[in-house]
Every structure is written in structure tokens, then in C-alpha cells.
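Heads up: the structure comes next, in C-alpha cells.
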Amino acid sequence: MMQQQIITQKHHSDTVSEAIIKTPQSSAVRDLFFNLAKDHDLGFVKTSTDQYICATPLGAIEISMETARITIRLRSPTQENLYTLQDSVTQHIAHKSEPLAASLQWTGSIKKGDTPPNFRLMTVVSSKRISSSYYRIRLHGDALASFAQDGLHVRLLLPNNPSDPKWPKIGSNGQTKWPTGKDTLHKPVYTIRWIDPQSGLLDIDIFIHDGGRTSIWAASVEPYKKVGIMGPGGGWHPNADWILLAGDATALPAIARILENTTKETQVTAIIKASSKEDETLTIAPDNGSITWISIIQPETELLKRVNSISIPKNKTRYVWFAGEKSMAQAVRQHFTSQGLSKQELYSAGYWKSKIPLL
Ligand SMILES: Cc1cc2nc3c(=O)[nH]c(=O)nc-3n(C[C@H](O)[C@H](O)[C@H](O)COP(=O)(O)OP(=O)(O)OC[C@H]3O[C@@H](n4cnc5c(N)ncnc54)[C@H](O)[C@@H]3O)c2cc1C
């Protein structure tokens with residue numbers, strides 16, 4: 001009952017990236033990878049003497065140890081996922097050892113200086129006010145098939161200088177190199193509310209909040225303007241006999257998409273803290289589920305109170321999915337972990353951080 005299938009099988013069609021690290025301390029580098037995997041609830045398995053493999057939702061990480069050198073091989077079924085894996089492995093190494101990350105030279109199908117394979121240049125089709133709380137942005141782009149699988153979310157890339165935008169490139173160590181200075185991009189994460197790869201269209205629902213740069217952009221953006229997206233990422237539709245979906249206005253687009261995709265065998269309970277009465281028209285409960293709307297006049301903490309009052313069933317597979325303000329997400333995680341839910345049965349994500357403490 002994992003959110004995403006963990007990729008373990010080797011296929012001839014896999015795309016591969018490889019980096020050789022020359023070091024007299026290969027065991028220390030190997031242990032750094034072991035710790036990285038542990039931080040993400042993943043683990044390496046020994047496949048033969050001095051060979052290890054870690055299966056991740058994006059692909060496999062293989063380690064081969066030789067005298068004074070260690071080879072890291074990444075394998076993935078798609079170029080997009082391979083790049084996301086390479087980028088995130090390099091980023092995480094940088095958190096542990098900046099010089100090691102900077103020295104990495106990945107070889108394989110991903111070339112430095114190219115546009116990242118998970119980037120798409122999109123054209124704005126329309127921006128519509130769908131309720132008092134949201135703009136719906138429709139974007140058009142090519143080759144969107146990978147954005148309709150593997151992840152529900154994208155990073156929206158909004159240029160500071162729309163008349164001469166600069167987009168990310170693959171840096172010399174295989175990591176994304178972002179434009180800087182006057183070309184810096186605003187890069188918030190949003191849910192793909194709807195996608196149709198055949199027509200090349202996707203929708204994003206943007207919640208309007210005070211001073212939000214993306215909602216300000218959505219209010220005035222015109223058709224034919226260019227934006228970038230990168231992704232997808234951030235988890236897939238939960239799958240269980242019983243699912244609790246809950247969150248605030250920023251989570252409504254994801255909850256609505258998940259509700260539309262639940263099978264009739266799944267029993268779903270949704271609890272949503274709406275931002276206006278009109279928001280209640282933006283999704284409907286499936287035959288096998290219910291939605292409880294918490295009104296705008298209720299305090300923010302009402303969401304937490306209602307969510308934490310739900311009893312989780314014991315005799316079926318279950319999944320709790322929550323997204324909202326960071327401190328709320330932490331409180332939900334704490335509560336359901338204490339109720340006995342395992343990491344594989346729980347997603348509780350901070351979608352934004354309030355300047356004023358909510359709890
Ligand atoms: C995986 C994921 C999926 C998401 N999906 C969606 C989605 O589909 N639709 C959506 O609207 N949002 C979504 N969000 C939340 C969104 O990314 C944040 O709200 C983000 O900060 C918005 O960027 P901005 O440019 O509007 O704000 P900024 O201009 O970057 O932020 C300015 C300030 O506004 C405050 N702020 C941010 N969000 C809120 C808020 N919701 N309410 C009140 N104050 C806020 C912050 O304190 C911030 O400092 C998602 C987040 C994640 C991580």
C-alpha cells in the first residue's frame with residue numbers, strides 16, 4: 001500500500017547516470033549514502049561483495065566499491081525521473097558535503113548545459129477567477145505524458161523579467177543551475193488540478209492570499225505569456241480501503257483531484273477548511289465518500305480538531321493524507337503516528353508557512 005511503486009527491477013530500456021568518486025575513504029562516502037537513504041525512510045541492500053542497491057520511487061541507486069574509488073549509478077525508466085533522482089541525490093549530498101557535491105561528474109544520457117528533462121516551457125491559455133478564493137490557470141505545452149503520472153505537483157517557474165526570461169540549465173555537477181540576479185525565478189509548488197497530455201493542456205488552481213506573488217501574477221497574466229514548469233513530484237494518489245483526505249484551501253486542488261480518482265472500492269472521508277462558501281462547488285464527494293466543509297468563520301484550529309477526532313479503522317488498509325499550514329501538518333503527523341499509523345500509511349505535508357503561529 002505504498003503511495004508510489006518502488007522501482008526495483010532492472011530493464012534494458014532504463015536510462016542511466018553514473019559518477020565515479022575517487023577517494024581513499026570510500027567506506028565513508030558509502031555510509032553518507034546509507035544515511036541519506038535512511039533520512040528518506042529508504043535503505044540499501046547488499047547485492048554482492050561491495051555492491052549495494054537502494055530502490056526509490058524514481059529509480060534505483062547502485063553503489064559499487066573498489067579500491068580508492070566508488071561508483072554511483074542511477075537507473076530510471078524515464079529520462080525525467082532519472083534527472084529528478086540525479087538532481088535530488090546531488091542536492092542531498094551537498095547538504096552533507098558541499099565539496100563532494102561540487103566535484104561530482106555525472107556521465108550518461110543527461111548532458112550538462114542542457115535544459116533539464118523535467119522542464120517544460122508552457123504558454124498561458126487563460127486565467128479565470130473560478131471562485132472568490134481561486135484563479136484557475138490553464139497552460140499549454142508539449143510532451144506532458146510524464147506530468148500525468150508519478151507526481152501530483154509541479155514547480156511553477158515565474159520569471160522576474162517576463163520579456164526576456166532565463167530558464168534553468170543542468171550545471172557542471174549535474175544539479176539544476178538556476179538563473180540568478182535580475183533573472184531569478186519565483187518557484188512556488190502547485191498541484192496539477194487537471195491534465196490532458198493529448199491536448200497538451202493542464203490546469204492549476206491558485207489560492208488568493210494577501211501579498212502572494214503567484215496570485216498577483218495570475219490576476220493580470222495574459223494569454224500567450226510564457227512560464228516554466230518542472231516536475232512532477234511530491235507523491236501520487238493514495239491507495240487503500242479507507243482514506244482520510246484533509247486540508248485547507250491550498251490542499252483543495254489536490255484533494256479534488258484525488259477524490260476524482262478514487263475507486264468505488266475505497267471508502268473516503270474528506271475534511272476541508274474552505275476559504276469561502278463558493279469553494280464548496282469546486283469538488284464533489286464520490287458515491288463511496290463524504291466531504292465535511294469547515295466554514296471560513298471557524299478558527300484555523302478547527303481543521304486540526306476535526307481531523308484528529310477521526311478514528312482510524314483497524315481491520316482494513318488505511319491512509320491518512322493531510323496538507324496545509326506547516327505547524328498543522330506537523331501536529332497531524334504527530335497525532336496519527338501516536339495512533340499507530342506507519343510512515344507508509346501517512347502523508348502530512350506543510351504546503352505553506354504562516355508568519356503568525358497558528359498553534
Ligand atoms: C506540494 C504542494 C502543493 C501545493 N499546491 C497548491 C495548489 O494547488 N494551490 C495553491 O493555491 N497552493 C498550493 N500550494 C501552496 C503554495 O505553494 C504556497 O501557498 C506558496 O507560498 C504560494 O506562493 P506565492 O507566490 O503565492 O506566495 P509568496 O509570494 O511566496 O508568499 C508570501 C507570503 O505569503 C504567505 N503565504 C503563503 N501561502 C499562504 C496561504 N495559503 N495563506 C496565507 N498566507 C500564505 C507566506 O507566509 C509567505 O511568506 C502547494 C504547496 C505544496 C508544497
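Observations, loosely collected:
- Cα long-axis angle, helix 252-261 against the chain (0 to 90 degrees, to the nearest 10): 80 degrees
- Angle in degrees between helix 79-96 and the longest Cα principal axis of the chain, rounded to the nearest 10: 80 degrees
- Share of pairwise Cα separations in the chain, more than 28 Å, in percent: 49 percent
- Rounded to the nearest 20 debye, the dipole size of the chain about its Cα centre is 520 debye, using +1 on the Cβ of Lys and Arg and -1 on the Cβ of Asp and Glu.
- Length-normalised contact order of region 282-354 in % [C-alpha pairs under 8 Å, at least 6 apart]: 30 percent
- Basic side chains Lys and Arg get +1 at the Cβ, acidic Asp and Glu get -1 at the Cβ, and with that the dipole of region 242-352 about its Cα centre reaches some 460 debye.
- Helical runs (DSSP H, four residues minimum) scored at -39500 (n - 2.57) apiece and divided by the length of the chain put the mean residue ellipticity at 222 nm at -6500 deg cm²/dmol.
- Pairwise FRET efficiency - Lys264 versus Ala145, Cβ, R0 = 35 Å, nearest 0.05: 0.85
- The chain: angle of helix 26-39 to the longest principal axis, Cα-based, in degrees nearest 10: 10 degrees
- Two-site label geometry, Trp242 and Ile312: point separation in nm, points 7 Å out along Cα→Cβ: 1.0 nm
- Within a Gaussian network of the chain (alpha carbon springs, distance under 10 Å), most fluctuating of Ala246, Ala254, Ala28: Ala28
- Pairs of Cα atoms nearer than 8 Å and 6+ residues apart set the relative contact order; for region 1-148 it is 23 percent.
- About the Cα centre, charge dipole magnitude for region 15-108 (Lys/Arg +1, Asp/Glu -1 at Cβ), debye: 200 debye
- Sparsely packed loop sites in region 241-313 (the GluC sites (Glu not before Pro) outside DSSP H, G, I, E and B with at most 13 other Cβ atoms within 10 Å) comprise Glu265.
- Within a Gaussian network of the chain (alpha carbon springs, distance under 10 Å), most fluctuating of Arg120, Arg213, Arg136: Arg213
- Our summary gives the chain a relative contact order of 14 percent, counting only alpha carbon pairs under 8 angstrom and 6 or more residues apart.
- Of Lys273, Lys314, Lys128, the residue with the greatest mean-square motion in the GNM of the chain, using alpha carbon springs below 10 Å, is Lys314.
- Spin-label pair Asp39/Ala68, simplified geometry with 7 Å Cα→Cβ offset, distance in nm: 3.0 nm
- The spacing between region 162-204 and region 91-150, judged by their C-alpha centroids, is 5 Å.
- Segment Ser342-Ser132, length gained on full extension (0.36 nm per residue, minus Cα span): 71.8 nm
- Heavy-atom accessible surface of Thr184, to the nearest 10 Å², is about 60 Å², with a 1.4 Å probe and all protein chains retained.
- Selection among Gln330, Val45, Ile93 by position relative to the dipole of the chain gives Ile93 as farthest towards the positive end (Cβ unit charges, Cα centre).
- Beta bridges by DSSP in the chain, antiparallel share as percent, to the nearest 5: 70 percent
- Restriction of the chymotrypsin sites (Phe, Trp or Tyr not before Pro) in region 188-238 to DSSP coil positions whose beta-carbon has at most 14 other beta-carbons within 10 angstrom yields Tyr224.
- Sulfur and carbon atoms: percent of accessible area, the chain [1.4 Å]: 51 percent
- Where the chain is the region considered: accessible area per residue in Å², 1.4 Å probe: 49 Å²
- Label-point gap, in nm, between Lys46 and Leu359 - each point 7 angstrom along Cα→Cβ: 4.1 nm
The values are calculated or read from the model by the stated rules, or taken from the named source; none is laboratory data. In this text, all values refer to a predicted model and were calculated from it rather than measured experimentally. When we count neighbours, we look across all protein chains shown, and the Cβ atoms used for this are built from the backbone with ideal geometry, even at glycine. Just the protein is used for accessible areas: all its heavy atoms, side chains included, with ligands, DNA and RNA removed. Shrake-Rupley method; radii C 1.70, N 1.55, O 1.52, S 1.80 Å.
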